[in-house]
1. Of the residues 394, 404, only one is out of contact with any helix residue (DSSP H, G or I) (no Cβ under 9 Å at 6 or more places or on another chain) and over 17 Å from residue 349 (Cα atoms); which?
2. Check the range 160-178 and report whether any residue there is open to solvent by less than 60 Å² (accessible area, probe 1.4 Å) and at pLDDT 90 or above.
3. Could you list, ordered by first residue, the pairs with Cβ atoms under 9 Å in which the first is in the range 394-411 and within 15 Å of residue 357 (Cβ to Cβ) and the second is assigned to a helix (DSSP H, G or I) and at pLDDT below 95, at least 6 apart or interchain?
4. Which ones in the range 21-43 are part of a helix (DSSP H, G or I) and free of Cβ contacts under 8 Å to residues at least 24 places away in the same chain?
5. If you go through the range 380-399, how many residues are buried (at least 24 other Cβ atoms within 10 Å of the Cβ), farther than 19 Å from residue 282 by Cα and more than 27 Å from the chain's Cα centre (by Cα)?
6. Which one of the conditions (1) over 24 Å from the mean Cα position of the chain (by Cα); (2) modelled with pLDDT of 90 or more does residue 320 fail to meet, given that it meets all the rest?
7. Would you please name the residue that is nearest to residue 365 (Cα to Cα), looking only at residues in the range 390-414 that are out of contact with any Gly (no Cβ under 8 Å at 6 or more places or on another chain) and of a type in the set (A, V, I, L, M, F, W, C)?
8. Does residue 351 meet the test of being farther than 20 Å from residue 324 by Cα and either out of contact with any helix residue (DSSP H, G or I) (no Cβ under 8 Å at 6 or more places or on another chain) or open to solvent by 60 Å² or more (accessible area, probe 1.4 Å) (or both)?
Amino acid sequence: MDSAKLVARARNILTAPKTEWPVAATEPATVNGLYTGYIAIIAALPVIAQFIKGSLIGTSFLGVTVRAGIGAGIGRMILGYILSLVLVYVMALIINALAGSFGGKPNMIQALKTVAYAWTAWWIAGIGVIVPWLGLLIALAGGIYSIYLLYLGLPHTMQCPADKAGGYTAVSVIIAIVLGWIMSLILGLIFVGALGGAALSGMQVTGSNGDSVTVDGNSALGKLAAMGQRAEQAGKELEAAQKSGDSAAQSAAMGKMMGAMSGSAGPVEALAPDQIKAFLPDAVGKLKRTAVSAQRNGAMGMQVSEASAEYSNDNQRITLEVTDTGGAKGFIAMASAMAPEEEKETEHGYEKTWSDHGNLIHEEWNNLSKSGEYSVIVGKRFTVKANGNADSIDELKAAVGSIDLGKLESLKDTGVKPE
């Protein structure tokens, strides 16, 4: 697709989707053509905008402007771009696998078209992050419009009945949100420089023309490749289960697919809300617990549980959270393994990340506001975080220490089901 056609497609899918979807659905296409001619270009817009905002313009608050380093910003931009391209293909796999469940016809090329063109609004609206204050609203509007585009497109690309497009859209959006959350979590936990080194250290390129590549299975890149192979196999099993009409087999296959996507050995049932809430103490030092909540959410075989409590008095307020990443624990394990130790100081505080006995720890503190955050990843599955106002970072550390981390770690294999 040349630049003129790309612009025309983006414009038409946004302004006249009801007439453009039938045209797009009947066009001949290939995976390579869709990526190089459309996806790779449009998907780059929001990540470039985020780099400009984060590293060049910066974020201002109360007269203080904060900018990320150029090197870190470029690294995050590259990783975010790569993950977004992977996410597009993963969502296409899922939409293709779900087609039979909603009366549609599986076709991987059509599924990739569906994601590429429906996400156009989301990608373009992502440029709005540059606009102060309004950026989030612009992105939200783009996301909502992309859901509408998906709803309009599925009957044409996947040939599902119009009356089933709503359910098809809802399930697809739920999965996209979960996978998007995982991607954001990876970006937050991994410093790109370390990821690049860790990933590429397991790759060997042989031959003068670079057409022979060997990947070390124990490297980060090798693990990601194996994850993709498991997902592909799980997708085939799901398609076979759908053809058989066995609802139990379909449910099991979908759970296995989501387990493969998350990098887990199999489906993982997160801790029950009451079980994870029990880790939160009645008091943290001199602060009494004033509120507590717990919930477990799941979509298509992937579960996450979270418990949160607030501790406060007239002068201080600390929030303590315990999260069981459940179905995403494979990603958490990979992120923990690849995250580097780093420390940086500013005029008003500091931030550092390091590992202690296999647990990834992050802390940050602002001397002016007397506020900060202290978090620990336990057993490469659970996260424990304290944040808020305190006399010192030691109080936030004590808040995390008030939770029985040893007992929490002992539950790291709880709910893990064999493949």
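1. Details: 394 fails: over 17 Å from residue 349 (Cα atoms).
Just one listed residue meets the conditions, 404.
2. Of the residues in the range 160-178, the ones open to solvent by less than 60 Å² (accessible area, probe 1.4 Å) are 160-161, 165-173, 175-176, 178.
Next, from what is left, pick out any that are at pLDDT 90 or above: 160-161.
Looking through the range 160-178, at least one residue is open to solvent by less than 60 Å² (accessible area, probe 1.4 Å) and at pLDDT 90 or above.
3. Sorted first by the residue in the range 394-411, then by its partner, the pairs are 408/276.
4. So the first thing to find is which residues in the range 21-43 are part of a helix (DSSP H, G or I), and the list is 21-26, 31-42.
Passing the criteria: 23, 26, 32, 36.
5. The number of residues fulfilling the criteria is 0.
6. With respect to (1) over 24 Å from the mean Cα position of the chain (by Cα); (2) modelled with pLDDT of 90 or more, residue 320 is out only on (1).
7. 400
8. Details: farther than 20 Å from residue 324 by Cα: yes; either out of contact with any helix residue (DSSP H, G or I) (no Cβ under 8 Å at 6 or more places or on another chain) or open to solvent by 60 Å² or more (accessible area, probe 1.4 Å) (or both): yes.
Here the answer is yes, as residue 351 does meet what is asked.
The values are calculated or read from the model by the stated rules, or taken from the named source; none is laboratory data. The structure presented is a predicted model; accordingly, all values stated were derived computationally and were not measured. Cβ sites come from the backbone with ideal geometry, for glycine too, and all protein chains shown count toward neighbours. These accessible areas exclude ligands, DNA and RNA; they are computed on the full protein's heavy atoms, side chains included. Shrake-Rupley method; radii C 1.70, N 1.55, O 1.52, S 1.80 Å.
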